[in-house]
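The values are calculated or read from the model by the stated rules, or taken from the named source; none is laboratory data. Just so you know, these numbers come straight off a predicted model, no measurement behind them. Ideal geometry is used to build each Cβ from the backbone, glycine not excepted, and the neighbour counts take in all protein chains shown.
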Protein chains: 4
Amino acid sequence: MTARPPARSESPRRNEATRHAILDAALELVRETGHTRLTIEGIAARARVGKQTIYRWWPSKGAVLHEALVELDAADGHGAGDLPDSGDLRADLKSALRSAVAELTDPRRSEALRVLTAEAVLDPALAADYAAVLDRPGRNPIHRRLRRAQDSGQLAPGTDLAIITDLLRAPLRHRWLHGDTPLTTAFTDTVVDITLTGSGHPLPPTPPTPR
Amino acid sequence: MTARPPARSESPRRNEATRHAILDAALELVRETGHTRLTIEGIAARARVGKQTIYRWWPSKGAVLHEALVELDAADGHGAGDLPDSGDLRADLKSALRSAVAELTDPRRSEALRVLTAEAVLDPALAADYAAVLDRPGRNPIHRRLRRAQDSGQLAPGTDLAIITDLLRAPLRHRWLHGDTPLTTAFTDTVVDITLTGSGHPLPPTPPTPR
Amino acid sequence: MTARPPARSESPRRNEATRHAILDAALELVRETGHTRLTIEGIAARARVGKQTIYRWWPSKGAVLHEALVELDAADGHGAGDLPDSGDLRADLKSALRSAVAELTDPRRSEALRVLTAEAVLDPALAADYAAVLDRPGRNPIHRRLRRAQDSGQLAPGTDLAIITDLLRAPLRHRWLHGDTPLTTAFTDTVVDITLTGSGHPLPPTPPTPR
Amino acid sequence: MTARPPARSESPRRNEATRHAILDAALELVRETGHTRLTIEGIAARARVGKQTIYRWWPSKGAVLHEALVELDAADGHGAGDLPDSGDLRADLKSALRSAVAELTDPRRSEALRVLTAEAVLDPALAADYAAVLDRPGRNPIHRRLRRAQDSGQLAPGTDLAIITDLLRAPLRHRWLHGDTPLTTAFTDTVVDITLTGSGHPLPPTPPTPR
DNA sequence: CGGTAACCGAGACGGTACGTCCGGTCTTGAT
DNA sequence: ATCAAGACCGGACGTACCGTCTCGGTTACCG
């Protein structure tokens, strides 16, 4: 994580109300008008704030969006917590992917996430923040859940868990970003089934009839 | 494909040399200076062409980049042809993914592809072109190769091949777009192995030491 | 004169209507709101013109004001012509100074001239334009009239006419710029009388009762 | 004098060292960088002072400059005293104008005076201060010297001494403000000679070769 | 084979947003 | 209460590009 968007309370002089007004304005604007109208000037005007106040605390509008989404996650309790461990790895992962779909489809987040993702592709500094913070609730919990399963012998011991994680996450993100088909639970469930089966995780005694 | 950028030779009056100068200028600029400096005005200046000439034939700079990449593929023979069918599905797919890695890391293409991908995320018209043309040499050949394998009983009959395709392609694109780790053949080979195994394709008698 | 404000028709591409709209807007704005509101952005908005169009043709807002005043003079016929020569030097100069007072107090010009003068004090490039063009209808005609008088023996032959010119012009400009007293004909007439008498020009037989 | 900038020692709480640091910083800045960089923020930073401290005591940066110049005059002994009266009016005035030239040319003062003069042209409140304080050592001493001469019959009795004063001062200020020619003693001496002669003051028996 | 219609290089134009600078006000904490 | 420090709202700066528009000039087709 780059040090540029200072965590709250890093400066005792910073006005918290102003900070929130900016983040809210950014989310509102991107939701209402899409990326074309998302402008530093527009955010400043909507938040009734001087432009300099934005430039003082964030290096780019992507960084504003990023912090706004982190804030939104925190407010919703989408913390960095671990996935629940019911003992059934397959079910736990399917549930995690369904949650991910819900987040990507949440109308408060969807457009902001698209814009942020697009900017992160072109801005390495932003990509670093993105990976460190936004990826956390996705990648790390899944990764940790897989590790627990591997430790208890439910996955082949030599398997690279980072690859499994990507096999689970990437198809979802890819369809969301580039596809035109709606994200269904049938899709995510199948992704989990194929990936786990291919990784040596036994199918449940009663198959879930994937089709 | 949107109807707006007329295919070549649609107009007999169009100057082919000018068209090439523009596509070349776009590729050079994006390679030299990255996305920040990629500008319609910059392309026009570099190509020694009037701005109007660009606006006459392309609806956006993403479309220019798109056509430039298609042209580059054509020149390199990366046509829309089918994957080779050696009879060994696993080997054929591994080979296909290695080719994909080569294309994504080709210095002539890499930055242009990143920029184009980012723009396509935010521009639905561009995304349609992107899916129709750039996806073809990736998605369709793999999809068709899978279909042949399924038809000959090498894959479980009910499996959704579009999902398999995404399980093969998305992890690669995802790491390339958002990751910081280099793309290795170990990675793509493992992706193929897990996906095929999970889809009911038998492992070869002598395992290629996937460990 | 610096070459920066290109004379009209220097570029065949320049839009004359736009040029006039800018000059008019500048004069209107400075007259209505004074120097505080005279802003490149304000001129552009009032003239319904892009800012770049102003920056393209003028180096500073002082230069715009300058050209606007020159244009106004041309429209009013305040050309670079010579002073009338009635044979009576004293009367001719008194008349010239009365005209100068009329120009300085003309409500269309007054505020613009003040602003332009203030800017010229701090901007040498602008001062050069100012001296070359705006001074011409003041300095040179007076200077030339004095030269004719000196040639015909009405002034002491060794006298430095540039100093006489300044003795005639400077008190007027000085009171206009810095004073709070209204400019009267009694004032300008006395200036002419003292200066000419001090320069060896004979008083008329019947004194003009300066007080 | 406007009421806004309280005179020194008006408030017992005012820090004299701070006040001097501000005045010095203003003079240094205007001398080093000219008017473009003369900024309230710049003065505050250079003086290591908060901006509010400047706004608390002065209404504009022109007022700061004004006070700085007054202070400089006081330090140099350029008080508001009378001109010396040698009995020779002509010589006394020539000497006074030479002093004025020295002040306008003094590198410590020159740029500050130009900036202050330009601001005073556009700011009536500042102009009032300027006339009351900076003019005093110029206008009033000359005016009083002329009055003494008129009282002793050395000048025509009905002459308006304010006009004479302007005839003496204005050409100098005008050339300094707007001209590009250096200020010479030949120039100021000639101004005095013509003005006094034109005002009825007899030439000395041995003419000072004005040619 | 000469007219005319499109293309083309060039770049002015009305706009929008950029990122910076500074003005003037307000707040905080230390003296 | 004054002061250094500096956040804050606001507004103008001068620049960069956008997408549209004219301007001449040069093809290349077509009647």
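List the residue pairs whose Cβ atoms are under 6 Å apart, where the first residue sits in the stretch C:191-203 and is more than 8 Å from chain D (Cβ to nearest Cβ), the second is of a type in the set (Lys, Arg), and the two are 6 or more positions apart or on different chains.
Correct list of pairs: C:Val192/C:Lys94.
Which pairs turn up if I take residues in the stretch B:52-77 that are at negative phi and not assigned by TED's automatic domain parsing to the domain that holds B:Ala125 and look for partners that are at pLDDT 95 or above and near DNA strand F (Cβ under 9 Å from one of its atoms) with beta carbon separation below 6 Å, at least 6 apart in sequence or on another chain?
B:Ile54/B:Ile40; B:Ile54/B:Ala44; B:Lys61/B:Ile40
With the structure loaded, tell me whether C:Ala118 is within 9 Å of chain D (Cβ to nearest Cβ), assigned to a helix (DSSP H, G or I) and modelled with pLDDT of 90 or more or whether it fails that test.
The answer is yes for C:Ala118.
Give me the pairs: first residue in the stretch A:38-49 and among the basic types (Lys, Arg), second residue near DNA strand F (Cβ under 8 Å from one of its atoms), beta-carbon distance under 8 Å, and six or more apart or on different chains, which are they?
A:Arg48/A:Ala21
Going by the conditions given, is D:Arg108 away from DNA strand F (no atom under 16 Å from the Cβ) and either assigned to a helix (DSSP H, G or I) or closer than 26 Å to D:Leu161 by Cα (or both)?
No, not satisfied.
Scanning the stretch C:15-50 for residues that are within 12 Å of DNA strand F (Cβ to nearest atom) and at pLDDT below 95, which turns out nearest to C:Ala127 (Cα to Cα)?
C:His35
If you take the residues in the stretch B:51-63 that are more than 15 Å from B:Ala118 (Cβ to Cβ) and more than 7 Å from DNA strand F (Cβ to nearest atom), which one is farthest from the other protein chains (Cβ to nearest Cβ)? Break it down into steps so the answer makes sense when it comes.
We begin by selecting, within the stretch B:51-63, every residue more than 15 Å from B:Ala118 (Cβ to Cβ); these are B:51-59.
Now narrow it down to the ones that are more than 7 Å from DNA strand F (Cβ to nearest atom): B:53-54, B:56-59.
On the way: B:Thr53: 19, B:Ile54: 20, B:Arg56: 21, B:Trp57: 23, B:Trp58: 18, B:Pro59: 14 Å.
Looking at residues that are more than 15 Å from B:Ala118 (Cβ to Cβ) and more than 7 Å from DNA strand F (Cβ to nearest atom), I get B:Trp57.
Among the residues of the stretch A:175-211, how many are surrounded by 14 or more Cβ atoms within 10 Å (Cβ to Cβ), at pLDDT 95 or above and part of a loop (DSSP other than H, G, I, E, B)?
Number of matching residues: 1.
Residues that are within 9 Å of DNA strand E (Cβ to nearest atom): find the helices (runs of 4 or more DSSP H) completely inside the stretch A:11-59 holding 3 or more of those.
Details: elements: A:16-33, A:40-47, A:51-57.
Because the criterion is at least 3 residues that are within 9 Å of DNA strand E (Cβ to nearest atom), the helices (runs of 4 or more DSSP H) in the stretch A:11-59 that meet it are A:40-47, A:51-57.
For the stretch A:60-75, which residues satisfy the criterion of being away from DNA strand E (no atom under 13 Å from the Cβ) and surrounded by 14 or more Cβ atoms within 10 Å (Cβ to Cβ)?
Correct list: A:His66, A:Glu67, A:Ala68, A:Leu69, A:Val70, A:Glu71, A:Leu72, A:Asp73.
Taking the stretch B:166-190, which residues are among the polar types (S, T, N, Q) and facing chain A (nearest Cβ under 9 Å)?
Listed by number, the residues that qualify are B:Thr181, B:Thr190.
Can you tell me which of A:Arg31, A:Arg109, A:Arg56, A:Arg98 is surrounded by fewer than 13 Cβ atoms within 10 Å (Cβ to Cβ) and either out of contact with any Phe, Trp or Tyr (no Cβ under 8 Å at 6 or more places or on another chain) or of a type outside the set (Lys, Arg) (or both)? Can you show your working first?
On the way: A:Arg31 fails: surrounded by fewer than 13 Cβ atoms within 10 Å (Cβ to Cβ); A:Arg109 fails: surrounded by fewer than 13 Cβ atoms within 10 Å (Cβ to Cβ); A:Arg98 fails: surrounded by fewer than 13 Cβ atoms within 10 Å (Cβ to Cβ).
When all the criteria are applied, what remains is A:Arg56.
Right, A:Asp129: part of a loop (DSSP other than H, G, I, E, B) and acidic (Asp, Glu) or not?
Working: part of a loop (DSSP other than H, G, I, E, B): no; acidic (Asp, Glu): yes.
Against the criterion (part of a loop (DSSP other than H, G, I, E, B) and acidic (Asp, Glu)), A:Asp129 does not qualify.
With respect to the numbered conditions (1) outside any helix (DSSP H, G or I); (2) more than 12 Å from every other protein chain (Cβ to nearest Cβ); (3) closer than 30 Å to D:Gly200 by Cα, which one is the sole condition not fulfilled by D:Ala156?
Checking D:Ala156 against (1) outside any helix (DSSP H, G or I); (2) more than 12 Å from every other protein chain (Cβ to nearest Cβ); (3) closer than 30 Å to D:Gly200 by Cα, the one that fails is (2).
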